[in-house]
1. What is the distance in Å between the Cα centroid of segment 235-259 and that of segment 9-31?
2. Pick out which of Leu84, Leu165, Leu223 has the largest mean-square fluctuation in a Gaussian network model of the chain, springs linking Cα atoms closer than 10 Å.
3. Gaussian network model of the chain, Cα springs within a sub-10 Å range: biggest mean-square fluctuation belongs to which of Glu183, Glu39, Glu163?
4. Based on alpha-carbon centroids, what's the gap between segment 57-113 and segment 127-204 in Å, whole number please?
5. Relative contact order of the chain: what whole-number percent is it, with Cα pairs under 8 angstrom and at least 6 residues apart?
6. List, in order, the whole-Hz ³J(HN,Hα) value for each residue of segment 121-128 obtained from phi through the Karplus relation with A = 6.51, B = -1.76, C = 1.60 and θ = phi - 60°; use x for Gly and Pro.
7. Return one number: the angle in degrees, 0 to 90 and rounded to the nearest 10, between the long axis of the Cα atoms of helix 187-196 and the longest principal axis of the Cα atoms of the chain.
8. Could I have the simple spin-label model distance between Arg6 and Glu39, label points 7 Å from Cα toward Cβ, reported in nm to one decimal?
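Every number here is computed from the coordinates shown, using simple stated rules; none is lab data. Bear in mind the structure is a predicted one, so any value in this text is a computation, not a measurement. Positions of Cβ are backbone-derived with ideal geometry, glycine not excepted, and every protein chain shown enters the neighbour counts.
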Amino acid sequence: MTDSPRRVTVLDLAAAKRRKAPITMVTAYDWPTGRLVDEAGVDCVLVGDSVAMVVAGRSSTIPATLEQMIYHGEIVGRAASRALVVVDLPFPLQHLGPRRAVAACARLMKETGCQAVKLEGTAGQADVIAAIAAAGIPVMGHVGLRPQAVHQLGGYRMQRDAEPLLADARAAADAGAFAVLLECIPAPLAGQITADLDVPTIGIGAGPDCDGQVLVFHDLVGLSLDRVPRFVRGYADAKSAIAAGLAGWRDDVRARRFPGPAETLA
């Protein structure tokens, strides 16, 4: 979006939509991946509650806690000096009323140093989004497949009901969200929502017509250990490279080839 060394801001994302310049976002959960994503020039780093699945091996994002999001968000916040850092508000804080949601988002901002938060929700959370934005906290909405509501939605499946999805996205934008993430929505519908909103849309499994795209870091670099969604394109095979490196080290130790002269201290 921009090659400037300064921090990307929500105003930069709004300007990118006006210029039709694609926005990039990748998840990160620790210092090395945060640094790698930031140094690659990606516009936004998302510290997602997907940490519960990707890092902790849980079956859903629901177990992620506020303390865990603060822990990982603070680490990534120190690693990324250029990208806009967005941290997820974990379940069920957006459903406990505006006051508690604002307090939780304030903790995320104060204790991680992030520049924005993201919350899943429908039009029913518009008052929460409005309260967070009124507190001076940039907030990104998230509609379509909402992993925190996976049991209610019947699993990780495409969301096709156009009328409520349009209503959810409009409600988030009207309430003050600076952007809306669209997950697992048919491409024509995602394009319609993108055209309808004045704020940027960030797609994942939502086709090419969104204003930006986001992927999970581990999926993107081939480090995922479980099934990878069909909408992912792998750009590296880190899992095979790491497996080969570990096997090579193991074999060298067993054959007494490591440590050799170069690694032995006098």
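1. Cα centroid of segment 235-259 versus Cα centroid of segment 9-31: 37 Å apart.
2. Top of the fluctuation ranking is Leu223.
3. Glu163
4. Value for the Cα centre distance between the two parts: 18 Å.
5. Result for the chain is 15 percent.
6. Values per residue, Gly and Pro as x: x, 10, 4, x, 9, 4, 5, 5 Hz.
7. Roughly 60 degrees between the two axes.
8. So the label points at Arg6 and Glu39 sit 2.5 nm apart.
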